[in-house]
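Visitor: I have a structure here, written as structure tokens, and I will follow up with some questions on it.
Every number here is computed from the coordinates shown, using simple stated rules; none is lab data. The model shown is predicted, which means the values in this text are computed figures rather than measured ones. Positions of Cβ are generated from backbone atoms using ideal geometry, with glycine treated the same way; all protein chains shown enter the neighbour counts.
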Amino acid sequence: MKKIKIGAVLFLLITLTALCAPLLSPHLYHETHLAIKNTAPSTLFLFGTDELGRDLFVRICFGVRISLLISLAASGIDLIIGLTYGTLAALSGRRIQILLGRLLEILATVPNLLLATFLTILFGCGIRTIIIALSITGWIGMARMVRAHIWQLQTEEFMIAATSLGASRPHLLRYHLLPHLFDSILVTVSLTIPSSIFAEAFLSFLGLGVQAPLASLGSMANEGIVSLRYYPWRFFFPAGTIYLLILSLNLLADGLQERRERC
Amino acid sequence: MLRVLDLSVLIGQKKVLSNINFSLKQGEIVGLVGKSGSGKSSLAKACANLLPKGAELSGKVESQGRIGIIFQDPSSALNPVLKIQTQFLESLQMGSPQLSKQEKKEEAVRLLQYVGIVEPYRVLSQYPHQLSGGTKQRILIALSLALKPTILIADEPTTALDTITQAKILDLFTKIWQDGISILLISHDLGVIAQLSERLLVIDAGKLIEEGPLQSILRKPQHPVTQELISAARSFYD
Amino acid sequence: MLIHILKKIAILISSLWIVITITFFLVHALPGDPFTPELPLSEEVAAAMRRQHGLDQPVLVQYINYLKNLAQGELGPSMRYEGQTVQGIIASSFPISALLGMQALLIAVTAGISLGIVGTLRRGGWQEKGILLLTTLGISLPSAILAILLQYFFGFKWELLPIACWGSFAQTLLPSLSLAAIPTVSIARFFQSRLVEVLQQDYILIARSKGLSEMRTLIFHAMPNALLAVLTYLGPLIAHILMGSFIVEKVYAIPGLGQWFVSSISNNDYTVTMGLTLFYGALLMFSTFLFDLLQYWLDPRRS
């Protein structure tokens, strides 16, 4: 319970700051002050400035938004595709079950991140391509989980009881299976989001992240590497934010997982 | 024999056993009956010196000779990644260290035959998951006998087995007792205990609430819990 | 058991084939070809190169040729570096990456298991709490960020360890540590929870009742069971280490295969990118397959 709280609070803190702080800050996202480029953190510029004199704090807030946009979108798509595929694979007729199942097994061995990297290389890096590239491989984990869980639930007594009382398929699905699946889905989603953030950072470090003028946390961190020796904050603040985002979500996921196991 | 003197056990915050006093003489079969959670297993472990590390003991457990112990679930009592033979060699190392490896193997075969296993050589080369529950329980009994114990503590030995196998295992216990080993038979099922024991101990909430010869307790139970246990057993076995 | 192995081989081959085919057709689905405007080539030279690389043939013919070449281990020439073939690049640079990866894996496995054991033996004590904290914090730290962190502190600020290139043992330290961090804490966590589970089984009590010391029981009864579970974990961890090596090699200027991969991206050296993607993909799938097999073989319950 403690984990869920810490994770959730941290995550909300970061998200809310990212959403509201720019409204309160005197600096604009794209406002450049070449005279004060690369200054260290101070009271005027909380996180310092980058090579064009832009306020890093505001930029990071926007970066959080973009990184979250990408990961939430990718995770959402994963959820939809994975849930559908998993349900179909678990509940359809014998032959289709075997076919879908085999396909899933084969797809599961394909390395996700590598394929996503390759897709981004080929189709160029923009928010849309990155989201698609991340979703194309991410749904497999969700599908597997859903399929296994439904199979397991089917043999549970309450399902057999409901079926013998004459419940129809859609009814079973909606009122009996889904509520039980909800917990597992929640845990899986809370794990896909941080791994998408991680993947987006990974792509950025390879130079495949979001391109200027947009900046995600990953691309900002990547740009900060070059000037690490002299202006370390340009790396540490974006990187630190990435870390805290992933950490908070992992804590949340862990806590949810523990709570689920306890029941 | 076994003597328990004023034993109290504290695990974490919970007082699992309070002021337990009893003794098990040479060649006796004593039954210990109680509801789930009454402290039976803790008492068994305390006698065999197998309490978990955080447990606090006061009082004394005195015993002469080695103590063998058997638990309820034969599946989790055998190491899944070791062959039966290996598990025997370990026990025999304790009970008959002077034997060579080959001699130990033969002793294992003899023990398996003693407990009624039909193909001892085959069983020795197998892994636990390949064997049935009844066979596994017999193996566990054989393993505990390999220690050459003077006392055998059996904690719910038949609870996980079907009624027919149950009866056969109880016959085996009779045989072991007739060969001179004292037995402390623990169960929540009075019916099982009543078939074998001479004396009876009743435990509830960590305390011994009744003790005495089996027949007299069955005829005239003093404590309400004892009466409960008897009527529960009776309704089944009548 | 044999059937199981054959099944797994079939899956492996199907996955490999899918990846090979997908990469091929994806690359060919792009508008234009590698020889259009990005390279400063004149039209005749570009046409000649297309002919030379067989790019003027129908797609299916190209595909078959491609598969044929693959079967012989030929992944094509580099488009940026004269005279270098992809397979040649792999042969010269992969050993370095492999060494780095194995060092990281070794650190991860030994450190992870040790931490797991300490955490189990000292349950409830400060050691366990410390390890729990460490693993919770560590599991969220991408190896790329850790690599740069270590480079900054141990290299720039404190000047304790070398931060670039490859050759001496000291130069291998920071890169391996960066790669090993997440796997170490993953293993530690997982191993500890398995070990605790195992220690609660009855057969541990039986072993003690046979007179075995706590140490012997731990080593001979508990560890084999817990270690078996860790084996499944190793497959995905290797993937993690492999992918992480791209960035770690870039950060520490290590002349391994990962560096080649990263630079081929910025160089638009398509043949190298594609060839290396295939190589890494095949490597990953093959190693997962091997670990699966290893676990199957070692666990008496499966065969």
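Visitor: With the Cα gyration tensor of the stretch B:46-98 giving a ≥ b ≥ c as the square roots of its eigenvalues, does the rule (a/c under 1.5 for rounded; else a/b larger than b/c for prolate; else oblate) give rounded, prolate or oblate?
Guide: Numbers: a/c = 2.70, a/b = 1.47, b/c = 1.84.
Judged from the Cα gyration tensor, the stretch B:46-98 comes out oblate (a/c at least 1.5, b/c at or above a/b).
Visitor: Between A:L72 and A:H180, with labels modelled 7 Å along Cα→Cβ, what's the label distance in nm to one decimal, could you check?
Guide: With each label placed 7 Å out from Cα toward Cβ, I get 3.2 nm.
Visitor: Once both labels are modelled 7 Å past Cα along the beta-carbon direction, what's the B:R122-A:L24 spacing in nm?
Guide: Distance between label points: 7.8 nm.
Visitor: Same structure, new question: In nm, to one decimal, how far is the C:I64 label point from the A:L34 one, both placed 7 Å along Cα→Cβ?
Guide: 6.1 nm
Visitor: How large is the charge dipole for chain A, taken about the Cα centre, if only the Cβ atoms of Lys, Arg (+1) and Asp, Glu (-1) carry charge, to the nearest 20 debye?
Guide: Numbers: 20 positive and 14 negative charges, 80 e Å.
Charge dipole of chain A: 380 debye, to the nearest 20.
Visitor: Tell me, what is the FRET efficiency for C:L134 and C:S287 to the nearest 0.05, using R0 = 30 angstrom and their Cβ-Cβ distance as r?
Guide: 0.65
Visitor: Please report, in debye to the nearest 20, how large the charge dipole of the stretch B:122-238 is about its Cα centre when each Lys and Arg carries +1 at its beta carbon and each Asp and Glu carries -1 there. The partial results should precede the final answer.
Guide: Values: 11 positive and 12 negative charges, 77 e Å.
In total the dipole reaches around 380 debye.
Visitor: Give the average, rounded to an integer, of partner chain Cβ atoms located within 10 angstrom of each Cβ in C:277-288.
Guide: Average per residue, whole number: 3.
Visitor: If I histogram all Cα-Cα distances within chain A using bins 5 Å wide from 0, what percent of pairs lands in each bin?
Guide: Answer for chain A: a P(r) of 1, 6, 11, 14, 15, 14, 11, 9, 7, 5, 3, 2, 1, 1, 0, 0 percent.
Visitor: Another question, then. Could you tell me which of C:G244, C:Y66, C:T273 has its Cα farthest along the dipole of chain C towards the positive end, charges placed at Cβ (Lys, Arg +1; Asp, Glu -1), taken about the Cα centre?
Guide: C:G244
Visitor: As an exercise, find the ratio Rg/Rh for the protein assembly as shown from alpha-carbon atoms, using the Kirkwood inverse-distance average for Rh.
Guide: With Rh from the inverse mean 1/r over Cα pairs, Rg/Rh is 1.06.
Visitor: Calculate for chain C the 222 nm mean residue ellipticity that helices alone would give, adding -39,500 (n - 2.57) per DSSP H run of length 4 or more and normalising by residue count, nearest 500 deg cm²/dmol.
Guide: Theoretical 222 nm ellipticity from helices: -24500 deg cm²/dmol.
Visitor: May I ask for the net charge around B:P74, where only other residues with Cβ less than 15 Å from the Cβ of B:P74 are counted and Lys, Arg are +1 while Asp, Glu are -1?
Guide: Spelling it out: positives minus negatives among the neighbours equals -2.
Visitor: Taking chain C as a Gaussian network, where each spring joins two C-alpha atoms under 10 Å apart, which residue of C:W17, C:W158, C:W260 fluctuates the most?
Guide: Greatest mean-square fluctuation among the candidates belongs to C:W158.
Visitor: Rounded, prolate or oblate: pick one for chain C, where a ≥ b ≥ c are the square roots of the eigenvalues of its C-alpha gyration tensor, a/c under 1.5 means rounded, and failing that, prolate if a/b is larger than b/c, else oblate.
Guide: Working: a/c = 3.43, a/b = 1.71, b/c = 2.00.
Judged from the Cα gyration tensor, chain C comes out oblate (a/c at least 1.5, b/c at or above a/b).
Visitor: Could you state the angle between the C-alpha long axis of helix C:2-29 and the longest principal axis of the C-alpha atoms of chain C, as a value from 0 to 90 degrees rounded to the nearest 10?
Guide: Result, in degrees: 40.
Visitor: For chain C, what's the relative contact order in percent, using C-alpha pairs closer than 8 Å and at least 6 residues apart?
Guide: The normalised contact order for chain C reaches 25 percent.
Visitor: Here's a follow-up. If Lys and Arg each add +1 and Asp and Glu each add -1, what is the summed charge of the other residues whose beta carbon sits under 12 Å from the beta carbon of C:Q151?
Guide: Cβ neighbours under 12 Å give a net charge of +2.
Visitor: Which one of B:V192, C:L121, A:L249 is farthest out on the positive end of the charge dipole of the protein assembly as shown, using unit charges on Cβ (Lys, Arg +1; Asp, Glu -1) and the Cα centre as origin?
Guide: Of the listed residues, the answer is B:V192.
Visitor: Using modelled amide H (1.01 Å from N, peptide plane; none on Pro or chain starts), what sits under 5 Å from the amide H of B:G31, excluding residues fewer than 5 places away?
Guide: It is B:L185, B:E198, B:R199, B:L200, B:L201, by chain and number.
Visitor: Given a Förster distance of 30 Å, report the FRET efficiency between B:K148 and A:E261 from their Cβ-Cβ distance, rounded to the nearest 0.05.
Guide: Details: r = 43 Å, r/R0 = 1.44.
Between B:K148 and A:E261 the formula returns 0.10.
Visitor: Answer with one residue from B:P120, B:G95, B:G180: the one whose Cα lies farthest towards the positive end of the charge dipole of chain B, charges on Cβ with Lys, Arg +1 and Asp, Glu -1.
Guide: Of B:P120, B:G95, B:G180, it is B:G95.
Visitor: Using only helices, what value at 222 nm comes out for chain B when you add -39,500 (n - 2.57) per DSSP H run of length 4 or more and divide by the total residues, to the nearest 500 deg cm²/dmol?
Guide: Calculated at 222 nm, the ellipticity per residue is -12000 deg cm²/dmol.
Visitor: Suppose every K and R has +1 on its Cβ and every D and E has -1 on its Cβ; what is the size of the dipole of the protein assembly as shown about the Cα centre, in Debye to the nearest 20?
Guide: My answer is approximately 1420 debye.
Visitor: Additional query: Using Cα-Cα distances under 8 Å and only pairs 6 or more residues apart, what relative contact order does chain A have, in percent?
Guide: Answer for chain A is 27 percent.
Visitor: If you count, for every residue in C:145-151, the Cβ atoms of partner chains within 10 Å of its Cβ, what is the mean? Don't skip to the answer; put the middle values down first.
Guide: Details: counts 12, 2, 2, 10, 6, 0, 3.
Per residue, the average neighbour count from other chains is 5.
Visitor: I'd like the orientation of helix A:127-154 relative to chain A: the angle between its Cα long axis and the longest Cα principal axis, in ° from 0 to 90, rounded to 10.
Guide: The answer is roughly 30 degrees.
Visitor: Consider just the alpha-carbon atoms of the stretch C:254-303 and return their Rg together with their Dmax, both in angstrom.
Guide: Values for the stretch C:254-303 (Cα only, Rg and Dmax): 16.4, 51 Å.
Visitor: Let me ask something else about it. Taking N as the number of residues in the stretch C:65-180, what is its Cα Rg relative to 2.2 N^0.38 Å?
Guide: Rg over 2.2 N^0.38 Å, computed on Cα atoms: 1.49.
Visitor: Going by amide H atoms built from the backbone, whose H comes under 5 Å of the H on B:E210, apart from near neighbours?
Guide: Counting only residues 5 or more places away or on other chains, the set is B:V202.
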